[in-house]
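The values are calculated or read from the model by the stated rules, or taken from the named source; none is laboratory data. A quick note: this is a predicted structure, and the numbers were derived from the prediction, not measured. Using ideal geometry, Cβ is built from the backbone for each residue, glycine included, and neighbour counts are taken over all protein chains shown.
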């Protein structure tokens, strides 16, 4: 009975790792949709979100079942509660990839991202993808040091978002209102994907140590639409 | 012992209700900051967010403590898991009110919202505030019917967001890129507050019935930056 219980706990962690990889692939495909006006990539992200939602439901049901029947304490209890929260993060990350794919699709056959901002968006996407990649390793290995290091990477995302707003608000901006709105939202979506990766990393710290990361390590405020803010 | 346990469960529900009222007040003050360029209101929302964060920590700690020591099953287990999730929704709603207040503050003494969009933003704010108000009643009364009805109100928010994009993208838009970006983000923040209200309502349905609302009742997709989407 207890062996089955530990198998079930391990299977939940394995599913979280698989889901994180699926989200990583979705973010990458959404970025291809965006930067290569790739309609097939956009459709695959949008259709594929159902798999992430179903995996979330499965992990939730099994975690609740173990909470109800095994009455876990200490580390196992924290693991199951962390799992319930991490699947919520993963579902949101999948939704955000869908939002990116839908902006790409809406502007096709045109490019949603004007040339001036393609390097910035490519950097934001790479940063988000790298952070989700690291989250795979953090969750799989319960790596507290890597989890703490992830917060620093989030600063790179803030820097990129400020740089984007400088371009959008420059007097030389020649593309008008519609792409500026698309880009402000795209920047927000990539930033939120990174925030959720940090949030997952923080849950790993909690499940391993039993303590939430210190308050001063909390998520950075998002950058608003003023580069000077 | 069991009496104390039920008192503790009741205290958690009472704190969720109080937090929801606090968030409701924060959204209202953030809207005053925005539509009346009220600096004091903006500062009070920004400073007050710490109270919401502290209340979240308190509810989380006590819920984990009860999960660990009382090994609740069935309805009580669902209640505690729902509480852990609802405080996460409430914390995000508080953060979103802060984002709104910060956009208002950044543009002061000017108005962030041009005249053409003040009625739309006022309507979005009223819709969000009304939905959070209803969430207070839904959580306090475990009102499944009201929870199910809340999803319909979310459609009003989508309608308002589409109407906003029509104005922003009209050829007559005369305010330039910066207010357009502010408004796209403000619309997103109010919409997300409404989404979290719906999410809390759905958690009440789950805690009362033991079932998640059907898939087709899931949160509506956000409206992207094309009024025709």
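Taken over the stretch A:26-65, the residue count meeting the criterion of being assigned to a helix (DSSP H, G or I), without any contact (Cβ under 8 Å) to a residue 12 or more places away in the chain and more than 13 Å from chain B (Cβ to nearest Cβ) is 3.
Just one of the listed residues (A:197, A:149, A:140) is surrounded by 22 or more Cβ atoms within 10 Å (Cβ to Cβ) and more than 13 Å from chain B (Cβ to nearest Cβ), namely A:197.
Scan the stretch B:152-161 residue by residue and report those that are in contact with a helix residue (DSSP H, G or I) (Cβ under 6 Å, 6 or more places away or on another chain) and either within 14 Å of another protein chain (Cβ to nearest Cβ) or over 16 Å from residue B:120 (Cα atoms) (or both). Within the stretch B:152-161, B:161 is the sole residue that qualifies.
For residue A:90, the stated conditions do not hold, so it cannot be described as under 22 Å from residue A:192 (Cα atoms), modelled with pLDDT of 95 or more and surrounded by fewer than 24 Cβ atoms within 10 Å (Cβ to Cβ). Is it the case that some residue within the stretch B:179-193 is farther than 25 Å from residue B:26 by Cβ and crowded, with 18+ Cβ neighbours inside 10 Å? Taking every residue of the stretch B:179-193 in turn, at least one turns out to be farther than 25 Å from residue B:26 by Cβ and crowded, with 18+ Cβ neighbours inside 10 Å. Scanning the stretch B:152-167 for residues that are surrounded by fewer than 19 Cβ atoms within 10 Å (Cβ to Cβ) and more than 18 Å from residue B:20 (Cβ to Cβ) yields B:152, B:155, B:156, B:158, B:159, B:162, B:163, B:166, B:167. Of all residues in the stretch A:18-59, those that are farther than 17 Å from residue A:88 by Cβ and over 16 Å from the mean Cα position of the chain (by Cα) total 14. Candidates in the stretch B:162-190 are the residues that are more than 11 Å from chain A (Cβ to nearest Cβ) and in a helix (DSSP H, G or I); of these, the one that is farthest from the chain's Cα centre (by Cα) is B:166. The set of residues in the stretch B:73-113 being in contact (Cβ under 8 Å) with a residue 40 or more places away in the chain, over 24 Å from the mean Cα position of the chain (by Cα) and not in a helix (DSSP H, G or I) consists of B:108, B:109, B:110.
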